[in-house]
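**Q** Below are the structure tokens for one structure; questions will follow.
Any read-out appearing in this document is the output of simple, stated calculations on the displayed coordinates, not a laboratory observation. Note that the coordinates shown come from a computational prediction; the quantities given were computed from them, not determined experimentally. Neighbour counts are summed over all protein chains in view; Cβ atoms, including those assigned to glycine, are modelled from backbone coordinates with ideal geometry.
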Ligand SMILES: Nc1ncnc2c1ncn2[C@@H]1O[C@H](COP(=O)(O)OP(=O)(O)OP(=O)(O)O)[C@@H](O)[C@H]1O
Ligand SMILES: [Mg+2]
């Protein structure tokens, strides 16, 4: 398996840390899961699942001390082909996407006051759903389910903004032969904490493309789990994170190939810029991919790249690929963490481009590979979003003047 | 009228075993309107001289001076040197994935000219310069040098030379890796750049490019310094007799 070239990394780091993962990957079914928060032990911080997460910054989401009495309003504009319902946890559809696999997800499930179910039918125009934090000092639990009908083709932007602490579950249930492009942005205020479990359930011949953008917040931990209900599923998960001084951005993925003839492609890129005298900028990427014995003819690739822009920054990256069948089309994984490539900067500067601008060109190029997945023309075009994210990254770059 | 003065320049390259001295007292003056060819054997330090003048971070100046119109070049950052009017066409141009050639050229031109070129005239200017060098338009959308062949990279170095129009250009083996037709096209590009206002330092191994670009002066480089200077006839001498004599003399002198 060859490793594709990626922008913005020193060449000696290309393909660094390749190889098999360090621990066995549990399938979505083998993991302990429950809707009941009390079924989970309170994490102490040593657990594999929690070892990178600063628990004391979770405002009690993990140990039952969070009041969870705030409200995190979900706004869905009315549109053709879009049905919005507010339901209780007894609705038969709730839980179709998956079951919580950690205590905070179960806490959110046990505590959410109401769930929003958004059904996408036919070919609706691009839809923007906004989740607003409960406000500074407040904690809330949320639940959102996105579902498609067979053969639906939709583009959804799910924006998270505001202040406060939110634990939630996002279920995405793709009907057979439907296609969904989902852009999830974390554009929180500086104080916000978001711990989110994503349950992505893919039907026969369905296609899911997710672009995850993590920019704001004090601590954002997103755990997507992909399961395939039938053959022919095709999932593309790409993400970018930009961690500033003091920020903790964590992405924990499990792609569980349990049925044949499915594809998954994972590409996450993070940039980090820290500052002396405060908590390090920190990103965590865990990429678990499991190809079960039954999952013949699987195609999968996962890739994490981290660009460390300054001192006082730490990127943890753990790719785990476990293959239980010999009958796969292709499988590969890689991870690398590096600094700027001096030769690239020299070349740009030797053409008169000032150093800060040269660095920006390289960082923009680094993220360009992710952002270009957000279409700017055609049916599901999101030109305004793309512009806003470009500008947000510019603003991040301006923070330390890298 | 610009002048680049290199005075008793000593430089080391940083290696895993510490600094390794390469340049051992280079003296050379290039004036506007002049073309100087530097010829020398592999490993004699020609690229080191070029990189040292451009300010590559791997090379440390241990003593000596480089002045552009009397200004201290060595005190400038890499980009300041470029904006002061120096240009280095590199022997091995660097790939910058994800940055389009179009974006790169415009950023560079904006930096060098001090203001963003007017879009309409700029597009025309770039297209014209690309077509002069036989570069097809699709290259504008490709990442800088990424996946370019050796010859394509060299054409793009000369494209930048044409668009940035520096006071003094240093061309490090811009001729190597070019087939006969490409050599002609690239040489024509270099000759278009030459003018009474511009000076040039042309580093090369081979005399074949000197049949297209006639130098005013030829310098032999060996052992990290200029060991002999003369007119174009010196190139013919090197063509016939090789570097053998100079290498021996340089070795004896150091
Ligand atoms: N990073 C490095 N580590 C060790 N030695 C180096 C390094 N860079 C350059 N050198 C050495 O410095 C000397 C001069 O190299 P330089 O590239 O300047 O030569 P050159 O005259 O341009 O050669 P060529 O004709 O092959 O291009 C060589 O002996 C080379 O091996
Ligand atoms: Mg050389």
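**Q** Cα axis of helix B:244-253 to longest principal axis of chain B: angle in degrees, 0 to 90, nearest 10?
**A** For B:244-253 against chain B, the angle is about 60 degrees.
**Q** Give the average, rounded to an integer, of partner chain Cβ atoms located within 10 angstrom of each Cβ in A:365-374. Don't jump to the answer; show the numbers that get you there.
**A** Details: counts 8, 3, 1, 5, 2, 0, 0, 1, 0, 0.
Mean partner shielding for this stretch: 2.
**Q** For peptide A:385-393, what's the mean number of Cβ atoms from other chains within 10 Å of each residue's Cβ? Kindly include the intermediate steps, with their values, before the conclusion.
**A** Values: counts 0, 0, 0, 0, 0, 0, 0, 0, 0.
Partner Cβ neighbours, averaged per residue: 0.
**Q** Take every Cα-Cα distance within region B:142-223, group them into 5 Å bins from 0 onward, and report for each bin the whole-number percent of pairs it holds.
**A** Calculated P(r), rounded to whole percents: 3, 14, 27, 26, 18, 9, 3, 1.
**Q** Where both residues lie in region B:3-253, what percent of DSSP beta bridges are antiparallel, nearest 5?
**A** Numbers: 28 of 46 bridges.
In region B:3-253, DSSP labels about 60 percent of beta bridges as antiparallel.
**Q** With the cut-off at 1.5 for a/c, could you classify chain A from its C-alpha gyration tensor as rounded, prolate or oblate? Could you put the intermediate results ahead of the total?
**A** Working: a/c = 1.36, a/b = 1.22, b/c = 1.12.
The shape class here is rounded.
**Q** Does region B:3-253 come out rounded, prolate or oblate by the C-alpha gyration tensor, with a ≥ b ≥ c the root eigenvalues, rounded set by a/c under 1.5 and, if not, prolate when a/b is larger than b/c and oblate if not? Working shown, then result.
**A** Values: a/c = 1.71, a/b = 1.41, b/c = 1.21.
Prolate, because a/c is 1.5 or more and a/b exceeds b/c.
**Q** Continuing with the same structure: Cα centroid distance between region B:221-254 and region A:247-286, in Å?
**A** 58
**Q** Taking the mean number of other Cβ atoms within 10 Å as a proxy for protection, how do you rank A:78-84, B:91-97 from highest to lowest? Walk me through the intermediate numbers first.
**A** Details: A:78-84: 13.9, B:91-97: 19.7.
Taking the mean over residues of other Cβ atoms within 10 Å, the ranking is B:91-97, A:78-84.
**Q** If one takes the longest principal axis of the Cα atoms in chain B, at what angle in degrees, from 0 to 90 and to the nearest 10, does the Cα axis of helix B:180-193 lie?
**A** Result, in degrees: 90.
**Q** Can you tell me how region B:1-99 classifies by the Cα gyration tensor, rounded, prolate or oblate, using a/c under 1.5 as the rounded cut? Walk me through the intermediate numbers first.
**A** Numbers: a/c = 1.41, a/b = 1.13, b/c = 1.25.
Since a/c stays below 1.5, the shape of region B:1-99 is classed as rounded.
**Q** Also, quick follow-up: Per-residue mean of other chain beta-carbon atoms within 10 angstrom of the beta-carbon, peptide B:80-89?
**A** Details: counts 4, 3, 7, 5, 1, 1, 2, 3, 4, 1.
Mean shielding count: 3.
**Q** When a footprinting reagent is the concern and you count Cβ atoms within 10 Å, what order do A:228, B:206 take, fewest first? Mind dumping the intermediate values first?
**A** On the way: A:228 29, B:206 15.
Sorted ascending by nearby Cβ count, the order is B:206, A:228.
**Q** Same structure again: Return the whole-Å distance between the Cα centroid of region A:132-176 and the Cα centroid of region B:62-134.
**A** Computed from Cα coordinates, the inter-centre distance equals 47 Å.
**Q** To make sure I understand, if each residue's beta carbon is the centre and we count other beta carbons within 10 Å, what order do A:367, A:52 fall in, fewest to most? Don't skip to the end; give the middle numbers.
**A** Numbers: A:367 24, A:52 19.
Least crowded to most crowded, the residues run A:52, A:367.
**Q** Sort A:121, B:236 by Cβ crowding within 10 Å, fewest neighbours at the top.
**A** Details: A:121 18, B:236 13.
So the ranking, lowest neighbour count to highest, is B:236, A:121.
**Q** Then there is this: Using Cα centres only, tell me the gap between region B:137-168 and region A:36-85 in whole Å.
**A** Between the Cα centres of region B:137-168 and region A:36-85 lies a distance of 52 Å.
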